[in-house]
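The values are calculated or read from the model by the stated rules, or taken from the named source; none is laboratory data. The structure displayed is predicted, hence computed values, not measured ones. Every residue, glycine as well, gets a Cβ built from its backbone with ideal geometry; the counts of neighbours run over all protein chains shown. Just so you know, the surface numbers come from the protein's heavy atoms only, side chains and all, with ligands and any DNA or RNA stripped out. Shrake-Rupley method; radii C 1.70, N 1.55, O 1.52, S 1.80 Å.
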Amino acid sequence: MTHNGIGGYLPLELSRGSDYYPLSIKLNSGRNCLRYILDAYEYRKIYLPHYSCNALLEPLMNKGIDFEFYGINNDFSPKFKKKLENDSAMIIINYFGLQVKNNVRNRDENIIIDNSQAFYLEPVQGVPTFYSPRKFFGVPDGGYLFCDKKILLPDKRDVSHHRTMHLILRADGNTEDGYGYYKTHENGFTLIPLKQMSTLTRSILKSISYDEISEIRRVNFLYLHKALSAENELLIDQKNIYGPMAYPLLRKNGKVLKEKLLKNDVFIATYWPEVLGRTNQNDFEYYLTENLLALPVDQRYTHSDMEKIVSLLT
């Protein structure tokens, strides 16, 4: 039992703002938001993109739910023509903060929106939608969920203090040592049971300047798009940008360019290596995994950082 009492040592100083999604169900991770949806709707089969993280598969496999992959186009819209049965659903991912749902056929079928990479995209009314704020902000865990069909929430609230070392080390200027903790932390998400969002994570999320961060990301994204779009093999609608996660640049020599960026201290994550194991070399998703450059545009970076990236790619 926790009892704060009166007096004693001071806590971490955080501003007392409000939740960005106050009406959401607040859980301890994005994948646990998906677990909640699966429990609520009792789907027997899920369709999901080849181009996705194994984190989406874990809840399906743990519950023994059948799944099938589908392809995507170069604007990230689904190549999906099947009629969904009542006990099946398809997951649509809004990649990198680009809104895919406008490219999807109007349908009243069972859809789940994965906004893990699209924090600032508002949920679609009546469509189960989940978010992973740690993809955008310095928080150890947490997930926001919109789901009309409710089930009983777990009584236990998660605790997050043991997941913060990488954040603390990076904040203290020790990024290299923090990376090991970060990798351990990321791998540990497979073991986290569904719980309510921790008090620490929610407090940090209430301290964030969301509008300012969204604008920084948008400006950086548009700068890169203006400079690099002519050689980008992806179709990107620049009017459809909402606090993006990264600028996705696809070039046929992407693997080589990634190495060049790395040698110049520009670190690019690969989304997602596991895709290579479930696709063929002639598949678009295989090519995308090998050659896509997810260029950083987040709130840490300024105009000069964007200029450096462009200079290395042009």
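Before moving on, here are some points about what is shown:
- Out of Glu233, Glu259, Glu290, Glu274, one residue alone is surrounded by fewer than 18 Cβ atoms within 10 Å (Cβ to Cβ) and either basic (Lys, Arg) or farther than 18 Å from His50 by Cβ (or both). It is Glu259.
- For the stretch 240-256, a residue qualifies if it is open to solvent by less than 90 Å² (accessible area, probe 1.4 Å) and in a helix (DSSP H, G or I), and exactly one does: Gly254.
- Taking the numbered list (1) open to solvent by 100 Å² or more (accessible area, probe 1.4 Å); (2) assigned to a helix (DSSP H, G or I) in turn, Ile216 passes all entries but (1).
- Number of positions in the stretch 277-301 that are touching a strand residue (DSSP E or B) at 6+ places or on another chain (Cβ under 9 Å) and closer than 19 Å to Lys260 by Cα: 9
- Options Asn86, Asn110; residue that is in contact with a Ser or Thr (Cβ under 7 Å, 6 or more places away or on another chain) and open to solvent by 10 Å² or more (accessible area, probe 1.4 Å): Asn110
- Residue match in the stretch 32-42 (condition: within 25 Å of Asp87 (Cβ to Cβ) and free of Cβ contacts under 8 Å to residues at least 60 places away in the same chain): yes
- Inside the stretch 294-307, residues that are within 21 Å of Ile236 (Cβ to Cβ) and more than 16 Å from the chain's Cα centre (by Cα) make up a count of 5.
- Pairs where the first residue, in the stretch 58-75, is within 14 Å of Arg44 (Cβ to Cβ) and the second is part of a strand (DSSP E or B) and open to solvent by less than 40 Å² (accessible area, probe 1.4 Å), C-beta under 7 Å, 6+ apart: Leu60/Ile46; Ile65/Ile46; Phe67/Ile46; Phe67/Leu48; Glu68/Tyr47
- The condition of being open to solvent by less than 70 Å² (accessible area, probe 1.4 Å), basic (Lys, Arg) and farther than 28 Å from Leu313 by Cα does not hold for Lys156.
- Output for the stretch 293-314, where each listed residue is more than 19 Å from Glu231 (Cβ to Cβ), open to solvent by 50 Å² or more (accessible area, probe 1.4 Å) and either assigned to a helix (DSSP H, G or I) or not polar (S, T, N, Q) (or both): Arg300, Tyr301, His303, Ser304, Asp305
- Checking Thr175, Thr201, Thr190 one by one, the residue that is at pLDDT below 95 and either buried (at least 18 other Cβ atoms within 10 Å of the Cβ) or closer than 17 Å to Val139 by Cα (or both) is Thr175 and no other.
- Condition met for Ser24 (within 24 Å of the chain's Cα centre (by Cα), more than 29 Å from Glu285 (Cβ to Cβ) and open to solvent by less than 40 Å² (accessible area, probe 1.4 Å)): yes
- Qualifying positions in the stretch 40-59 - among the hydrophobic types (A, V, I, L, M, F, W, C) and over 15 Å from Phe189 (Cα atoms): Ala40, Ile46, Leu48
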